[in-house]
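Coordinate-derived values only; no laboratory data. Every value quoted in this text rests on a predicted model; they were computed, and no experiment measured them. In this analysis, Cβ positions are derived from the backbone assuming ideal geometry, glycine residues included, and neighbour counts consider all displayed protein chains.
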Amino acid sequence: MVLSKTTSQTDVSVHSTFASRYVQCSLPRFKIPENSIPKEAAFQIINDELMLDGNPRLNLASFVTTWMEPECDKLIMASINKNYVDMDEYPVTTELQNRCVNMIAHMFNAPLGDGEAAVGVGTVGSSEAIMLAGLAFKRKWQNKMKQLGKPHDKPNIVTGANVQVCWEKFARYFEVELKEVKLSDGYYVMDPEKAVEMVDENTICVAAILGSTLNGEFEDVKKLNDLLMKKNEETGWDTPIHVDAASGGFIAPFLYPELEWDFRLPLVKSINVSGHKYGLVYAGIGWVIWRSKEDLPDELIFHINYLGADQPTFTLNFSKGSSQVIAQYYQLIRLGYEGYRNIMENCQENAMVLKEGLEKTGRFNIVSKDNGVPLVAFSLKDNSRHNEFEVSDMLRRFGWIVPAYTMPPDAQHVTVLRVVIREDFSRTLAERLVADIQKVLQELDLLPARVTEKLAATTATTAVEEHPPAVIKKTAIEVQREITAAWRKMVADKKKTNGVC
Amino acid sequence: MVVTTTKSSSSENLQCAFASRYVRTSLPKFKIPEKAMPKEAAYQIVNDELMLDGNPRLNLASFVTTWMEPECDKLIMASVNKNYVDMDEYPVTTELQNRCVNMIAHLFNAPVGDDETAIGVGTIGSSEAIMLAGLAFKRKWQAKRKAQGKPFDKPNIVTGANVQVCWEKFARYFEVELKEVKLREGYYVMDPVKAVEMVDENTICVAAILGSTLTGEFEDVKLLNELLSKKNEETGWDTPIHVDAASGGFIAPFIYPELEWDFRLPLVKSINVSGHKYGLVYAGVGWVVWRSKEDLPDELVFHINYLGSDQPTFTLNFSKGSSQIIAQYYQLIRLGVEGYKSIMENCTSNAKLLKEGIARTGKFNILSKDIGVPLVTFSLKDTTKYTVFQISDYLRRFGWIVPAYTMPPDAEHIAVLRVVIREDFNHSLAERLVSDIERVIKELEELPPRASVEAAKVITETQREICSYWRKISDKKCNGVC
């Protein structure tokens, strides 16, 4: 902790930070600087540069929690120097993780006896959780096929094209084929019938999503379970289901407790949920729960002793912070069923306020459903003159970050804007957002139409284009952004910008 | 943010936390409670239970940083609600990550032009970094074999038996065979000669460790590079090297700058380092750097747009906190080369002090080397009367957490104690530890010897049973932090 002082400029630490020479030089970018700088200067320099990041609370793109109570912040800071993996040294922290696993397993109706410990683990997020679940399925399937004397080199997984990117990562990194059920116009989740049709003897599992990233919809896991059971009876393949409840796992049990999607369905063998989405914890925590010990092959678990005692570990990450695990436990006992339910009901209502406000403008189609993750996904009824990307860009001037994106195949011609309603998005903010969206629409109406309107309306299957679709789409977006930027300059020259830039 | 207050016991909020009913009832363990509780009570309950965790600063088992300056703590708290993966929303944070990657790449002498950006990424730790590096090697090797029309279903990786568990995880999860070079008594790292012998046409890479977990030793990467270059010339297999510099990556460049172990050696294609070890950041950040674009196959990189604009991503984790990345950048500019060098020199001299104190007791063999990670690994000269596991248990009474463990094959008969010297382990603490070790030895010497006289086999459970039995009969008060 005792650093030798820089021999040059020894009296610099006496000056105020902004009087020091450090604010005169540009920050090092490529090489570690030779000399140290005083800690106040380092703090101020970084803090100031970070002012130009977006405000996390106004980031309406993200499902991830952006606010926690100050009491929890205290717990987080107190445990920031605890390396979670030192289970022997921090037994209470390990115990808190185990309690969370048990609580979440019970919340998902895992078939556990009283006092029986659940099988599950805390992860850094749903990505890691899904990779662990997928690994377990792959290994079980390989063992089964080896026993049957059949080839086991071409595993596949059946899922909807609306899956979050981590499934594609899992497939690519762990060499499993991804068989995607394509979406269609108006149907933006995985169709259970088509999914079951695609199942073959190499399918390690079917993955359903509770809370699709794109429009918040819950897939019909019960129907999938029923259809898949029937097929399993006919084929004897015993194909299981995994539910990606990254968003929905902390919503459905509180708002829709009668909805059967979890371990109540016999084919569901593992579920993942993001603690940092509606688990209401800051980024960096997820959970994966298995139905029972049999669903997690023992050979995947490692036992190490170099930290001093035997520790079983089944995660991809090893060293990591303990703060989020402790924060998750805090939330579970602080809020209880009552608290979570109240918060989700609030989110749901605020989502309705936003949805109705948007409908009243008469300019939008609402793509999200009422039942599901509290978010509003909407697209322009008429996007020939201006499109959703422009709306998104203009909203940034008011401080809002509302993403616009295209749907996956086969609905790529549909572009949507999406606002995720988190715990800290109050009704006042919802009303303000509607007002700002109306302002944006008014401004856009006054501007000339885009030149590339015809190009943007094409779909992949239309035969009328002269260029390949991928090239058109890219060019259209680029041109739109150029035009938007040019107009923005023109407009800015005329009047001052309003609100937070 | 507005949570309806519990209708029952509305006066609860007026009482202080310890007067409330919440401290009378036992904490929920298996099921989420039905009702909410006041936040002060929740805080107090969790905080109090956590008092029984070990003190991170006294955890001498861990390489991972346990102290940072308060200014950095401020930055960490301010960014705790930023989800790092939202690159479009937090461009400055993303930029800071890129700067760290470039700085670390230059630290490792990556052949990067002055204005060229380095290839690398921030991860949660070295485990993720190693899996990404291993994936890149596996994919490159598969592509090469496919182009040659040869079978590519049995990839393997050559490494020492002293590897950290994450290599075994990588091998098992990604279906790569792990060919381990066994250790032997007195030689606790990977022997480059044996390693190169084990290389075959299915080897995707040879992994060397700069800073072995067990003894802190730096493996001779230069010798490995030379031997492997020669073999590659003969066979034409082009086998590359990965250096696991989890600990050593932030040590060697500052106190052993002439030691050639990094991209200065032509066969080294990727390096990982833990930001949360001697990068001096709290747990949760690692770095992997590739030599050049060619060493990271493009098909492994994903492009997503559902957060609003095109974002390339090559990590296993997606959403994660931004705090550690910002903290790493803080350390790099706050300390600079000068600061890191001073800290490493302090650690090394404190390690030397501890080593000399331990050697002076006359009871121990020192297995760690002077050159390497600043730690001291030591074993008992005479294990017939008591073992290192007992010493470890007794030291806990004084508050110290010093792990004892057995070496990997073929040196399993050796059991050692290890003390890692971190930035916040100062001279006085080193002296205190030595005196506490002396006290423990004195206590153990006075006890009757173990029933079994075979010193060769170490049976952990029996020793622990004996330990707890003796502790019961010795009936002494606990000293210091229990």
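Here are a few things to note about the model shown:
- Packing, taken as the mean count of other beta carbons within 10 Å per residue, orders the peptides A:286-295, B:185-194 from highest to lowest as A:286-295, B:185-194.
- Ordering of B:381-389, B:282-290 by packing [mean C-beta count within 10 Å, highest first]: B:282-290, B:381-389
- Here the label points at A:Lys222 and B:Lys385, each 7 Å from Cα along the C-beta direction, are separated by 7.3 nm in the simple model.
- Sequence-distant residues sharing a close amide H with B:Ile401 (under 5 Å, placed H): B:Leu60
- Once the Cβ-Cβ distance of A:Leu178 and B:Asp370 is raised to the sixth power relative to R0 = 56 Å, the FRET efficiency obtained is 0.60.
- In this structure, B:Asp238 and B:Glu49 have a Cβ-Cβ separation that, at R0 = 60 Å, corresponds to a calculated FRET efficiency of about 0.65.
- With both labels modelled 7 Å from their Cα along Cα-to-Cβ, the A:Asp382 to A:Glu49 distance reads 4.8 nm.
- Kirkwood Rh in Å, taken over all unlike Cα pairs in the range A:336-439: 14.3
- For the peptide B:165-173, the mean number of other protein chain Cβ atoms found within 10 angstrom of a residue's Cβ is 5.
- Here's the picture: a label point sits 7 Å out from the Cα of A:Tyr187 along the beta-carbon direction, and within the range A:399-433 the residues with their amide nitrogen under 16 Å of it are A:408-412.
- Protection-proxy order for peptides B:139-145, B:418-424, each taking the mean of Cβ atoms within 10 Å per residue, highest first: B:418-424, B:139-145
- Once the Cα-Cα distance is subtracted from the 0.36 nm per residue extended length, the A:Lys146 to A:Lys369 segment shows a gain of 75.9 nm.
- Rotationally averaged projected area of the range B:235-385 (alpha carbon convex hull; nm²): 14.5
- Span-like helix check, chain B: qualifying full DSSP H segments, with Cα axial length of 27 Å or more and mean Kyte-Doolittle of -1.0 or more, are B:126-148, B:323-360, B:427-446.
- Sites B:Ser229 and B:Asn426, calculated FRET efficiency, Cβ-Cβ separation with R0 45 Å, nearest 0.05: 0.55
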